[in-house]
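Trainee: Here's a structure for you.
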Amino acid sequence: MKEKTQKNVQTAFVGEAKAYFRLLAYADKAAEEGNQQIALLFRAIAEAERVHATRNLNLLKDMIVKDTDTNLEASFEREKSISTNEYPDFLKDAEDDGENAAAIVFSQARDAEEYHAKLYERAIFQSMKKDVNAYQVCQVCGYVTDKKAPKKCPVCGAPKEKFKTVAPEMVG
């Protein structure tokens, strides 16, 4: 793919992915306000935006999706970088601005990303249990564990009920 088109496809992917999540938030707000028809419309358009994002990603796959070892290493490096570089900067700016809610989100995301990096690192060095049947994902902060959901999330303190199971039947 030529450079200009590749850049446009990447931009389109990011825009469509953002639209998907934004429209789901709009749908939730419409439902909260009792407007089920508009909520349904937002969810339908969100699904269309997900299709668009997926199609754009498929155009980029050969350029960004490599073999599993390379993908693991790249994911590990990204998690390390964001937890040690980006989120600390975001957190400092939020604290400087007195934006406590954003500071909490950034702090918890930074901490969860560190756990993600550890999981990737274990996979890279093949020190993961061979029999991981499911992961538990905190729906508040994004912490992930390959063990049972803890009574309280170690990052944000959310109760066990806030964890979602990601199991093999949910993947490909």
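The values are calculated or read from the model by the stated rules, or taken from the named source; none is laboratory data. Since we're looking at a predicted model, the values are computed, not measured. Neighbour counts are summed over all protein chains in view; Cβ atoms, including those assigned to glycine, are modelled from backbone coordinates with ideal geometry.
Trainee: Looking only at region 141-162, count how many residues are over 24 Å from Glu121 (Cβ atoms) and aliphatic (A, V, I, L, M).
Mentor: Qualifying residue count for the region: 1.
Trainee: Val132 passes all but one of (1) buried (at least 16 other Cβ atoms within 10 Å of the Cβ); (2) in contact with an Asp or Glu (Cβ under 7 Å, 6 or more places away or on another chain); (3) outside any helix (DSSP H, G or I); which number fails?
Mentor: It fails just one condition, (1).
Trainee: Another question, then. Which residues, counting only those in region 73-90, are loosely packed, with under 15 Cβ neighbours inside 10 Å and among the hydrophobic types (A, V, I, L, M, F, W, C)?
Mentor: Passing the criteria: only Ala74.
Trainee: Another question, then. Restricting attention to region 48-64, does a residue exist that is exposed (fewer than 15 other Cβ atoms within 10 Å of the Cβ), among the acidic types (Asp, Glu) and over 30 Å from Ala102 (Cβ atoms)?
Mentor: Yes, there is a match, as at least one residue in region 48-64 is exposed (fewer than 15 other Cβ atoms within 10 Å of the Cβ), among the acidic types (Asp, Glu) and over 30 Å from Ala102 (Cβ atoms).
Trainee: Would you check if Phe13 is touching a residue at least 40 places away in the same chain (Cβ under 8 Å), under 17 Å from the mean Cα position of the chain (by Cα) and assigned to a helix (DSSP H, G or I)?
Mentor: yes
Trainee: Restricting region 155-172 to residues that are loosely packed, with under 14 Cβ neighbours inside 10 Å and part of a loop (DSSP other than H, G, I, E, B), which is modelled with the highest pLDDT?
Mentor: Checking each candidate, the answer is Gly157.
Trainee: Of Ala39, Ala44, Ala19, Ala27, which residue is surrounded by fewer than 17 Cβ atoms within 10 Å (Cβ to Cβ) and either modelled with pLDDT of 95 or more or farther than 20 Å from Lys61 by Cβ (or both)?
Mentor: Ala44
Trainee: Of (1) exposed (fewer than 13 other Cβ atoms within 10 Å of the Cβ); (2) among the β-branched types (Val, Ile, Thr); (3) more than 26 Å from Tyr143 (Cα to Cα), Thr70 satisfies all except one. Which?
Mentor: (3)
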